[in-house]
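Structure record follows, encoded as structure tokens.
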Amino acid sequence: MANVVGSVPDGWWRDRVGAAQRLLTSLAALSGRTVPGPVGQLVRIVRIVAVLEGKANRAIMDYGRESESPEIVRATGSGDDAIVALARTAAAAAAGESVLVVSADRGLRARLPAAVGTAGPGWLNGLLGRSQTEAERP
């Protein structure tokens, strides 16, 4: 979450919990949708796992309805370590489904299993209608 939250200069640094909560709410709308994938192919989003770390770890998700997505994982240490562990488990259990990690962090991407795809925050921001050049919000 930190990498995606930080990719839009909307004042997130003043309220990391609120920024994480806003992104979680936006992510919930993607669950079950078929969208253009990062390289143009259509992909169906069947599961979203959001890894929170640091101050954003206090974010909560009020879905306002029954929903299982996004699933929230609260990293007790490094968020990157939690993502790598989750990606390894997911890739092993995927059984024909694709696993995609959204991050611009090259170091994190290099640690992922070869079977795991990656996309930058710009791809996800585009799906969510979040502009990477938004003016700072109050």
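Only the coordinates and a few stated rules stand behind these numbers; no lab work does. This is a predicted model, so every value here is computed, not measured. Glycine gets a Cβ as well: all are built from the backbone with ideal geometry, and neighbour counts include every protein chain shown.
Apply the Karplus parameterisation 6.51 cos²θ - 1.76 cosθ + 1.60, with θ equal to phi minus 60°, to every residue of the range 111-118 and state each ³J(HN,Hα) to the nearest whole Hz, in sequence, with x for glycine and proline.
8, 7, x, 4, 6, 8, x, 9
If the convex hull of the alpha-carbon atoms of the range 2-128 is projected onto planes in all directions, what is the mean projected area in square nanometres? Each step should come with its number before you reach the end.
Values: hull surface 31.0 nm².
With every direction weighted equally, the projected area is 7.8 nm².
Set the Förster radius R0 to 41 Å, insert the Cβ-Cβ distance between THR89 and SER131 as r into 1/(1 + (r/R0)^6), and round the FRET efficiency to 0.05.
Working: r = 33 Å, r/R0 = 0.81.
After rounding to 0.05, the efficiency reads 0.75.
Whole-Hz ³J(HN,Hα) for each residue in the range 4-18, computed from phi via Karplus 6.51 cos²θ - 1.76 cosθ + 1.60 with θ = phi - 60°, x for glycine and proline: what do you get?
6, 4, x, 7, 10, x, 10, x, 4, 5, 7, 8, 5, 5, x
Return the distance in nm (one decimal) between the two label points of a simple spin-label model at GLU97 and VAL17, each offset 7 Å from Cα along Cα→Cβ.
3.2 nm
So how much slack lies between VAL46 and ASP81, counting 0.36 nm per residue of separation and subtracting their Cα-Cα distance, in nm? All intermediate terms of the calculation are to be shown ahead of the outcome.
On the way: separation 35, 0.36 × 35 = 12.60 nm, distance 2.31 nm.
Contour length minus the Cα-Cα distance gives 10.3 nm.
Extension gain ARG109-THR25, at 0.36 nm per residue separation less the Cα-Cα distance, in nm?
Numbers: separation 84, 0.36 × 84 = 30.24 nm, distance 2.52 nm.
So the chain would gain 27.7 nm between ARG109 and THR25.
How about the range 1-43: which trypsin sites (Lys or Arg not before Pro) there are in a DSSP loop, with at most 16 other Cβ atoms within 10 Å of their Cβ? Provide the component values of the computation, followed by the final result.
Details: sites: ARG14, ARG16, ARG22, ARG33; in loops: ARG33.
Here the trypsin sites (Lys or Arg not before Pro) that fit, given the DSSP loop and packing criteria, are ARG33.
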